[in-house]
Amino acid sequence: LGHAGRLIHRVREDSAVAARESERLYRLVAETSPAVGAMLRSTPRMARIVKEGVRIAASYRIHSSTAAFLKPTVAAQKLESLHAVNAERLRDVCMELGGGILKAGQFLSCRVDMLPEAYVTHLACLQDQAPTIPIEAIRARIEQELGRPIEEVYAAFDETPLATASLAQVHGALLHDGTEVVIKVQLPGVDRLVQTDMMALRLLADVVGDAIPGTDLKTIAAELGVSVLVELDYEQEAQNTEAFGRLWADDPDIVVPRVIGAWSTDRILTL
């Protein structure tokens, strides 16, 4: 009874801590930036990401309380099971929301140095399971960026994507001079989604970053914020591609695609 009483007391304490952290997160946002506070209140997407993050953090706090009353081997087993459950939850949210949070899941699936193994394993499927974007949205994006009907730019355009990723979709096409090309199209609105998602991750890292054992959430949020913004800049990618091509121009074993600058923008890349 003594052990049970202490266990119940610890669980109640940790539940209260989780509730206070949720309130502190909301106050932190609202007080430090009214614009961000309004976004958290009005954007279901950001609220969903924060909610899931706090839920995961709370589950670890409760585990840390109960683990004190378990044998070390049993506590370790329960922690591994908790990692698996939370990794599945994170994977499902990434698949559902897409955008920057899907990119975050893909990024995390490669970082065995920052996450428990269960997360890396469960998030690995995100590398090749990005949802396909309707062709109407892709065509509209191309025509908006290039300022003319797609038929004026390409003699043929394959509406079946060659690949779909978290931030872009790739289609094959044929220029009017007969050149075969591929078009990397940034998903419509993904830049706004990324901004929202990265803001949510930074807030979570500040408030509950220390709650998940074996995870450096602040470093993850910082690295991801930089890398995703770079990945959204196709003009920079075009310059990097051309520079790489010049460096390896004399190596017959390395083939670098040629950038078609006339039909490329900061959101469309034709190669």
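Some points to look at:
- Test: residue in the range 69-90 that is basic (Lys, Arg) and buried (at least 18 other Cβ atoms within 10 Å of the Cβ): no
Yes or no, residue by residue, for (1) surrounded by fewer than 21 Cβ atoms within 10 Å (Cβ to Cβ); (2) not in a loop (DSSP other than H, G, I, E, B):
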residue	(1), (2)
148	yes, no
151	yes, yes
159	yes, no
169	no, yes
181	yes, yes
197	no, yes
200	no, yes
203	no, yes
206	yes, yes
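- Search result, residues across the range 91-102 that are out of contact with any Leu (no Cβ under 6 Å at 6 or more places or on another chain) and open to solvent by 40 Å² or more (accessible area, probe 1.4 Å): 92, 95, 96
- Taking the listed residues 185, 120, 112, the one that is among the β-branched types (Val, Ile, Thr) and part of a loop (DSSP other than H, G, I, E, B) is 112, with no other qualifying.
- Selected residue (criterion: farthest from residue 139 (Cα to Cα)) from residues of the range 219-265 that are in contact (Cβ under 8 Å) with a residue 60 or more places away in the chain and not in a helix (DSSP H, G or I): 257
The values are calculated or read from the model by the stated rules, or taken from the named source; none is laboratory data. This one's a predicted model, so the numbers in the text were calculated from it and none came from an experiment. When we count neighbours, we look across all protein chains shown, and the Cβ atoms used for this are built from the backbone with ideal geometry, even at glycine. For the accessible areas, the whole protein counts, side chains as well, though only heavy atoms, and no ligand, DNA or RNA atoms are used. Shrake-Rupley method; radii C 1.70, N 1.55, O 1.52, S 1.80 Å.
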